[in-house]
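The values are calculated or read from the model by the stated rules, or taken from the named source; none is laboratory data. Remember, predicted model here, so these are calculated numbers, not experimental data. All Cβ positions, glycine included, derive from the backbone under ideal geometry; neighbour counts span all protein chains shown. These accessible areas exclude ligands, DNA and RNA; they are computed on the full protein's heavy atoms, side chains included. Shrake-Rupley method; radii C 1.70, N 1.55, O 1.52, S 1.80 Å.
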Amino acid sequence: MKATLAQRLILGTGAILLLALLALSLFIIHQTRAQMEALAGERREALVSLLARSSLDGLAARDFELLDGLVRAMAQNREIAWIVIADRHGKVLASTRPDWIGKSFHDIDKPDRNGIAQLLQREAIIDGIPLGTVWVAFHDAPDPFSGRLPLVIGGAALLALLFLIVSISLLVRHLTHPLERLSQALSSVHLDALPEKGEIERLATHASLEVATLAQEAEELISRLREARAAIAAEEERLQQAVEHRTAELRAINEELESFSYSVSHDLRAPLRAIDGFSRALEEDYGDRMDEEARDYLARIRHASQRMGGLIDSLLRLSRLSRSEMQLQKVDLSAMATAILQRLQREHPAREVEWQVQEGLKCQCDPELIQVALENLLRNAWKYTRDWQPARIEISGRRRNGMIEICIRDNGVGFDMRHAARLFGAFQRLHGNEFEGSGIGLATVQRIAHRHRGSVRAEGKPGQGATFCLALPEAETA
Amino acid sequence: MPRHPLIALFLLLTLGFLPAVHAERPSDTAAPALHFGVLSVAPPARAVAKWTPFAHYLEQRLGRSVEVIAPRGFERLTRAIEEGKLDVFYINSHVYYRLKRKGLAKPLAQMVNLNGSTFSRSLFFVRKDAPIDELYQIEGHRMAYISPLGAGAYLAPRARLHEEGIRNTQEDFTRNFISTIREVQTKPGTVGTLCGVRYSLLGKREDLSNLKVIGESEAYPEHVLAARPDLDEALSRRITEIVIGMYDDPEGRLVLEPMASMRISHFTTYDPSVEKVTEELFRKAELDPGS
């Protein structure tokens, strides 16, 4: 899930603030410690100098009361471990250690050196004349940052950080809220439900200049969308009207054409039947009085009229294909193809054809129309392998883009790919009268494929067989 | 050249040089330090600083360490002498007289001031605008003395006033010269007294133009270099010789020169007859030297 701008700003600023506060705290602690150490050093130096200066009169007067008073006063400072005031020969005259008084300072064994952080020595000098020496030993100064102070500083820094984060959060929320509202409004914009004019700009009324500008631009964009939608709607309406008009025209023309075609076909059948019937009557009644040539002419008349009848039947069937209502259902193509091939084998028991059908080929289609298409394709394969021994027909399929493509491959006569475009035209026959047929079969297959929103294609080489692939909607697996 | 004479010469030079070096360096182990006390109105440290060159000179000449001590006040000085913590001390004639009467001092030498005299006189001075021009007019006024143990700063002027019949004064003690000057400069009715030589010295570094001198005391003896009575006589004599001989010794002269700030020109043989002068001053001042 992506973070919002406000969340990123808050997190980013928080992280930067945390790092900055951390660095600042460390810097302050380091600087303060260094400064305190320097101040402590200066304070100690000042203390010792003051003691040396104050001891002058005591040393000069051998005023032990004065020297003792000085030592006692200085010893109030808890930093001080011990003090020694000695004459110029090093003889201790006053000290916080009474047992050292009267001894030479340099001969005294000072056992507690371990706890001493600093031992400062200063000569008590007046006008360049030394009257004595003072020594002051200082304890290790307590680290101000070793106790609760770091916790206090850390706590204060944390509180400051929280305060800053909360403040920044509120500020960021305040600044980004119009942007969020604008974003929500824009994300809900739909061509069918564009916001009212000025609605987007109103969302950024109290926002920053950038957000207001963005809202203004969005408003302009939406305004253009509104205009475009109006234009599209107008165009759609115009197109719809044009399509409806054209469709009506086409439907009328088609109906007229089909009606004409049907009428022509139907009306042509009657004279043809008359020609064929009278030719047969002529043959039966006067055949024995006709010479051989006359009978041959008569037979040709009959054959031509029968062939014309077949053509008219084919035209009528093609016409019916375009008009019939489709009943889509799940169809087992493998079973259908097997049944057709078995029937063909029964019709032509002398043919030796090796055929193979892939199991499980199914499509969502009209069974009657697909039966016609498959039968056309398989009869073609059967027909064009007539002179091949052994003849082979294979039916296989594969899924592609939500369609199932059924391919019928044979090892028959094949065709030249240069003429492939002509294959699916009505009454187109690439092999002339060498093979029987009306030339309407592949046109029928293509019409059926188109009615199923499918397609048909063909590949082949002369003398090396042909492959026809019919793409149909795949059957639902459920 | 044979070796033996060279070695002998080296040993002779080395051994002969050692005593000379030894004599020049004070040795703590050779003799105990000589404690030299100074009773001064100056702060002890300042007094010690001023007397240290003198002590070093003495050290070198005596061949023993000399420690300068500046006890605070007469009581401590007395106690230090009684306890044997001071051997030699430099004091004014007033203090010397008191110690002498207690049997705590014997004279070694006497200071000769910058005027070349073993006597000085105190000056009475007031502010120029003060309505006091003669000593008799001091009656009823405030006296700004330095210390009740002063000779020129108390004993001699008080004796003079008493001699003049002036007894009705308010006696205040300022503890040092400058304070006395300031008291007079800031309070028109106050009368200050200072040793005449000191007054001249102060005039070289202080603006005293707003003051006027209205009289002077009788002469009083200058400071005395004294010793505790039981100090070894030979040592006492030796110290006296050294101190009095300073003026004739170039090194001693060098030490004496900065001591001019203390009015000291040099030291001379003590004349016991000066004690009579002090005694007379005590009498006139109506002070008890044994108090």
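Would you check if there is a residue in segment B:87-100 being part of a loop (DSSP other than H, G, I, E, B) and within 14 Å of another protein chain (Cβ to nearest Cβ)? Yes, some residue in segment B:87-100 is part of a loop (DSSP other than H, G, I, E, B) and within 14 Å of another protein chain (Cβ to nearest Cβ). In segment A:62-89, the qualifying residues are those that are among the small types (Gly, Ala, Ser) and closer than 18 Å to A:Gly115 by Cα, and the one that is surrounded by the most Cβ atoms within 10 Å (Cβ to Cβ) is A:Ala81.
Considering only segment B:210-221, I want to know if a residue exists there that is surrounded by fewer than 19 Cβ atoms within 10 Å (Cβ to Cβ), without any contact (Cβ under 8 Å) to a residue 24 or more places away in the chain and more than 20 Å from B:Pro148 (Cβ to Cβ). No: segment B:210-221 contains no residue that is surrounded by fewer than 19 Cβ atoms within 10 Å (Cβ to Cβ), without any contact (Cβ under 8 Å) to a residue 24 or more places away in the chain and more than 20 Å from B:Pro148 (Cβ to Cβ).
Among the residues making up segment A:62-78, a single one is among the aliphatic types (A, V, I, L, M) and either at positive phi or touching a residue at least 40 places away in the same chain (Cβ under 8 Å) (or both): A:Met74.
Return a yes/no flag: does segment A:404-425 have any residue that is polar (S, T, N, Q), surrounded by fewer than 21 Cβ atoms within 10 Å (Cβ to Cβ) and farther than 19 Å from A:Ile340 by Cα. No, segment A:404-425 has no match at all.
State the number of residues belonging to segment B:200-222 that are of a type in the set (Phe, Trp, Tyr) and closer than 19 Å to B:Asp172 by Cα. Working first, answer last.
Start the filter on segment B:200-222 by keeping residues that are of a type in the set (Phe, Trp, Tyr), which leaves B:220.
In the following step, the residues that additionally are closer than 19 Å to B:Asp172 by Cα were identified as none.
Of the residues in that region, 0 qualify.
Quick check: anything in segment A:79-102 among the aromatic types (Phe, Trp, Tyr), free of Cβ contacts under 8 Å to residues at least 24 places away in the same chain, over 30 Å from A:Leu170 (Cβ atoms) and away from chain B (no Cβ under 14 Å)? Yes, there is a match, as at least one residue in segment A:79-102 is among the aromatic types (Phe, Trp, Tyr), free of Cβ contacts under 8 Å to residues at least 24 places away in the same chain, over 30 Å from A:Leu170 (Cβ atoms) and away from chain B (no Cβ under 14 Å). Regarding segment A:28-36, can at least one residue be identified that is surrounded by fewer than 17 Cβ atoms within 10 Å (Cβ to Cβ), more than 14 Å from every other protein chain (Cβ to nearest Cβ), assigned to a helix (DSSP H, G or I) and touching a Ser or Thr at 6+ places or on another chain (Cβ under 8 Å)? No; the residues of segment A:28-36 include none that is surrounded by fewer than 17 Cβ atoms within 10 Å (Cβ to Cβ), more than 14 Å from every other protein chain (Cβ to nearest Cβ), assigned to a helix (DSSP H, G or I) and touching a Ser or Thr at 6+ places or on another chain (Cβ under 8 Å).
Reported count of residues in segment B:130-187, each being assigned to a helix (DSSP H, G or I) and either buried (at least 17 other Cβ atoms within 10 Å of the Cβ) or not charged (D, E, K, R) (or both), is 25. For segment A:449-468, a tally of residues being open to solvent by less than 80 Å² (accessible area, probe 1.4 Å) and closer than 17 Å to A:Glu368 by Cα returns 4. Among the residues of segment B:91-129, the one identified as closer than 15 Å to B:Ile81 by Cβ, surrounded by fewer than 19 Cβ atoms within 10 Å (Cβ to Cβ) and of a type in the set (Gly, Ala, Ser) is B:Gly103. Looking only at segment B:73-86, residues that are part of a loop (DSSP other than H, G, I, E, B) and either within 14 Å of B:Pro148 (Cα to Cα) or within 14 Å of the chain's Cα centre (by Cα) (or both) come to 0 in all.
If you check A:Leu21, A:Leu47, A:Leu9, A:Leu59 for being over 30 Å from A:Lys110 (Cα atoms), open to solvent by less than 40 Å² (accessible area, probe 1.4 Å), of a type outside the set (Gly, Ala, Ser) and in contact (Cβ under 8 Å) with a residue 40 or more places away in the chain, only one passes: A:Leu21. Residues of segment B:54-74 include at least one that is open to solvent by 50 Å² or more (accessible area, probe 1.4 Å), more than 14 Å from every other protein chain (Cβ to nearest Cβ), farther than 21 Å from B:Asp271 by Cα and in contact with a helix residue (DSSP H, G or I) (Cβ under 8 Å, 6 or more places away or on another chain).
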